[in-house]
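Nothing in this text is a laboratory measurement; each read-out follows from the coordinates by a stated rule. A quick note: this is a predicted structure, and the numbers were derived from the prediction, not measured. A quick note on method: Cβ atoms are made from the backbone with ideal geometry, for glycine too, and the neighbour counts reach across all protein chains shown.
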Amino acid sequence: MRSARAVPTLDPVETGDHVCWLVDSDDDFNVTARAFAADGALFGDKVLVIGAPEARWSQAGVPQGIVVDPAVERADEAGWDAAAMLGMVRREADTACRQGFRALRVLAQMDRVWPGGASPQEVARHELGLDDLVAAGTALVVCAYHRGSFDPAALEQAAGVHPQQLGMRRLMPGFRMFSAGRNCWSVSGVVDSEGAAIFRTAMGELVARSTTVRLRCEDLELMDAAGMRALAEAAREVPGHRIVLEGANDTVRRCWSLLGYDVPQIPVELAP
């Protein structure tokens, strides 16, 4: 079962992991990224680097797997974007499996995917879709977000929708949301006023894509009034769609009722 956790380095990243690496200005990005790519040979992974095709991605002059530069792809094929990245990861993961590799090992420089930055909504839409793919267990993906290339709201959104994270703890919200199966998502930690906007954006993306969203809450410690308001707003956003909370604790259930949200007009069901 997948779980939310912080990783001290990229060394312990395993198949099925989807890591948000918030890269600070004083991080040694090149060394860490090169070691991550080089580990592909050690573990029998096929390596895909989405970023700049520079010598730093090689060992002794030998390229580490496939290197795709989004800037070149955009020039050759109009419209290459985050959706194209998702399609590429899906295709290469399938190919790696057929070729006998353990998994597809991906490092993506997100500032190359979004050279002009991205909104929290764009980040949530892309990363939730990517996490759904990674959860299948045929890939391990590290999404590197450089502090200087994205605004704080986008960085916080990225951290909130990855099950694993590395770096810049001050920009990490109190909750994590990640795929737990088809149309099923796990939420852990605390959804409070500080993370409510990020939670609202993520839930809005999930409700838009599925008529029923199952939210597993066994590891949800607390959801305050701001978090519950965000959940109710997301549930009402698309008529005919609903959210089912599974395993919510007694405190969450009691507060939901006390706040007046336990009514038919709000399509949220608290399952046993």
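Just want the ordering: Ser188, Ser3, from fewest to most Cβ atoms lying within 10 Å of their own Cβ.
Numbers: Ser188 20, Ser3 11.
Placing the least packed residue first, the sequence is Ser3, Ser188.
Tell me, what ³J(HN,Hα) does each residue in the stretch 11-26 have, in order and in whole Hz, if you take phi through Karplus 6.51 cos²θ - 1.76 cosθ + 1.60 with θ = phi - 60° and put x for Gly and Pro?
4, x, 5, 10, 4, x, 7, 9, 9, 9, 9, 8, 8, 8, 5, 9
Name the residues whose placed amide hydrogens come within less than 5 Å of the amide hydrogen of Val23, ignoring near sequence neighbours (fewer than 5 apart) on the same chain.
Tyr145, His146, Arg147
Tell me, Ser179, Ser257 in order of fewest to most beta-carbon neighbours within 10 Å? Mind dumping the intermediate values first?
Values: Ser179 23, Ser257 12.
Going from sparsest to densest Cβ surroundings: Ser257, Ser179.
Counting other beta carbons within 10 Å of each residue's own, what order do Asp27, Asp94 fall into, fewest first?
Details: Asp27 18, Asp94 13.
Listed from fewest to most nearby Cβ atoms, that is Asp94, Asp27.
List, in order, the whole-Hz ³J(HN,Hα) value for each residue of the stretch 81-97 obtained from phi through the Karplus relation with A = 6.51, B = -1.76, C = 1.60 and θ = phi - 60°; use x for Gly and Pro.
Running phi through 6.51 cos²θ - 1.76 cosθ + 1.60 with θ = phi - 60° gives 8, 4, 5, 5, 4, 4, x, 5, 4, 4, 5, 5, 5, 5, 5, 4, 5 Hz.
Report the net charge of residues surrounding Ala139, where surrounding means a beta-carbon distance below 12 angstrom and charges are Lys +1, Arg +1, Asp -1, Glu -1.
Details: positive: Lys46, Arg90, Arg91, Arg102, Arg105; negative: Glu14, Asp17, Asp45, Glu92, Asp94, Asp131, Asp132.
Value of the local net charge: -2.
Tell me, what HN-Hα J-couplings in whole Hz come from the Karplus equation 6.51 cos²θ - 1.76 cosθ + 1.60 at θ = phi - 60° for each residue of the stretch 230-242, using x for Gly and Pro?
Coupling constants for the stretch 230-242: 4, 5, 5, 4, 5, 5, 8, 5, 10, x, x, 9, 8 Hz.
Out of these labelled values of Rg/Rh (Cα atoms, Kirkwood Rh), (i) 1.07; (ii) 0.96; (iii) 0.99, which was calculated from the coordinates shown here?
Computed from these coordinates, Rg/Rh (Cα atoms, Kirkwood Rh) corresponds to label (iii).
Loop only per DSSP, at most 15 neighbouring Cβ atoms within 10 Å: give me the GluC sites (Glu not before Pro) in the stretch 195-251, ordered by residue number. Walk me through the numbers before you get to the answer.
Values: sites: Glu205, Glu218, Glu221, Glu233, Glu237, Glu246; in loops: Glu218, Glu237.
Sparse-neighbourhood loop GluC sites (Glu not before Pro): Glu218, Glu237.
What relative contact order, as a whole-number percentage, does the stretch 89-198 give when Cα pairs under 8 Å and 6 or more residues apart are counted?
Values: 145 pairs, mean separation 26.5, N = 110.
About 24 percent, as a whole number.
Return the long-range amide H neighbours of Ala180 (sequence gap of 5 or more, or a different chain), with a cut-off of under 5 Å between placed amide H atoms.
Distant-sequence amide H within range of Ala180: Trp185, Ser186.
Considering only the other residues whose Cβ falls under 13 Å of the Cβ of Glu269, what net charge follows from Lys and Arg at +1 and Asp and Glu at -1? Let's see the in-between values first.
On the way: positive: Arg214, Arg242, Arg253; negative: Glu246, Asp262.
That sum, taken over residues with Cβ under 13 Å, equals +1.
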